[in-house]
Amino acid sequence: MSRFITLDVFTATPFGGNQLAVFPDAAGIPEASLLPITREFNFSEVTFCYPAEDPAHTRRVRIFTPGGEIPFAGHPVVGTAAALALCEGALDGQSGKFRLELGVGVVPVDVRIEGEARAWAELSVAKLPEVGPQTPTINTLSEILSLEPADLVGGALSPQAVSCGYPFLLVPLKSLAALARARVKVDRWEQTLKRFWAPEIFVAARDPEQGEHHWRARMFAPGINIPEDPATGSAVACFGGWLAMKEAKAEGAFAWSVDQGIEMGRPSRLDVSATKSGGAVTAVRVAGRAVLMGEGRLRL
């Protein structure tokens, strides 16, 4: 019997955000069972925690999607940190810092308990934004997304592939209406993006009613069996780092908020910030809340 904790992540209230299952002590789970367990939950991700290889760190964490293991993802990091703080007594007091060993490296996470069943966490990426190869044309991307070429932003914010340890194809759109219409044509995706450096698609549009620094987004990942994700911290990290690159100022701190999951009925709020020095991005952080939903034991 293996104990698990479930949470809704990047939300302050139950039944929103992105669902996550956390196994706080996975040492006894057979390797061959990790992927079947993940598929049994049918969440975007499940995390499995082990003793850290470095005793100065908090835990070693492995992240699985229904399609397999991945080196980094945002909502599993935020949710795992919340689970360890709320249920495992890993914090000395109400706030502190974790250091989680992931496939991408060691990820620092600031954590704060906000109630019996809610915590806030902010991760700092282990890998700064890396710009990928040239993307397919706007005509091709609009066809994949069931949109018109005029729906996609051009110029300085033309589509770009970016990675902070896990790559995404960032596709800014001109309106919330276009964002709502976006649908992936899987056959065209398979023909053009399946083997691309960044096959997962993150589409975003400014939400002017929420303010100049507010965006709304969606993320499609057919390659890892996630038709649409309600909150994608790793994609938002790429997006925030990329937006910071585009800022004219060579120095300073920049911040944005991103709503995701609206079209899925799982509203999520992600806060992303970045720091620049000498014209280069030197840090990217993603923050949000998580709420406990349940605990149980899985019979293996």
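Selection of first residues in the range 67-93 that are within 17 Å of Val236 (Cβ to Cβ) and of second residues that are in a helix (DSSP H, G or I), restricted to Cβ pairs under 6 Å at least 6 apart or on distinct chains, gives the following pairs, ordered by first then second residue: Phe72/Ser234; Ala73/Ser234; Gly74/Gly233; Gly74/Ser234; His75/Gly233.
Rundown of residues vs (1) at pLDDT below 95; (2) closer than 26 Å to Ala274 by Cβ; (3) among the aromatic types (Phe, Trp, Tyr); (4) surrounded by fewer than 20 Cβ atoms within 10 Å (Cβ to Cβ), yes/no style:
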position	(1), (2), (3), (4)
Ala56	no, no, no, yes
Val61	no, yes, no, no
Ala90	yes, no, no, yes
Gly103	no, yes, no, yes
Val106	no, yes, no, yes
Glu114	no, yes, no, yes
Leu141	no, yes, no, no
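Taking the criterion of being crowded, with 19+ Cβ neighbours inside 10 Å and over 24 Å from Pro108 (Cβ atoms), would at least one residue in the range 230-242 satisfy it? Yes; the residues of the range 230-242 include at least one that is crowded, with 19+ Cβ neighbours inside 10 Å and over 24 Å from Pro108 (Cβ atoms).
Only one of Ala119, Ala83, Ala90 is in a strand (DSSP E or B) and of a type in the set (A, V, I, L, M); which?
Numbers: Ala83 fails: in a strand (DSSP E or B); Ala90 fails: in a strand (DSSP E or B).
Testing whether each residue is in a strand (DSSP E or B) and of a type in the set (A, V, I, L, M) leaves just Ala119.
Residue count for the range 12-54, restricted to those that are surrounded by fewer than 15 Cβ atoms within 10 Å (Cβ to Cβ) and of a type in the set (Gly, Ala, Ser): 3. When we screen Leu128, Leu147 for residues that are among the aliphatic types (A, V, I, L, M), under 12 Å from Val203 (Cα atoms) and part of a loop (DSSP other than H, G, I, E, B), the only hit is Leu147.
The one condition from (1) surrounded by fewer than 23 Cβ atoms within 10 Å (Cβ to Cβ); (2) modelled with pLDDT of 95 or more; (3) not in a strand (DSSP E or B) that Ala205 does not meet is (3). For the range 1-23, the set of residues classified as of a type outside the set (Gly, Ala, Ser), outside any strand (DSSP E or B) and either touching a Cys at 6+ places or on another chain (Cβ under 7 Å) or within 17 Å of Glu114 (Cβ to Cβ) (or both) consists of Phe10, Thr11, Thr13, Pro14, listed by residue number. When the range 38-61 is filtered for residues that are under 23 Å from Val291 (Cβ atoms) and outside any loop (DSSP other than H, G, I, E, B), the ones remaining, listed by number, are Thr38, Glu40, Phe41, Glu45, Val46, Thr47, Phe48, Cys49, Arg59, Val61.
Quick check: anything in the range 28-48 closer than 23 Å to Trp120 by Cβ, among the acidic types (Asp, Glu) and without any contact (Cβ under 8 Å) to a residue 60 or more places away in the chain? There is at least one residue in the range 28-48 that is closer than 23 Å to Trp120 by Cβ, among the acidic types (Asp, Glu) and without any contact (Cβ under 8 Å) to a residue 60 or more places away in the chain.
Of all residues in the range 140-158, those that are on the phi > 0 side of the Ramachandran plot have Cβ atoms under 7 Å from Cβ atoms of residues that are in a helix (DSSP H, G or I), 6 or more apart or on another chain, in Ser146/Arg181.
The values are calculated or read from the model by the stated rules, or taken from the named source; none is laboratory data. Computed from a predicted structure; not experimentally measured. Every residue, glycine among them, receives a Cβ derived from its backbone with ideal geometry; neighbour counts consider all protein chains shown.
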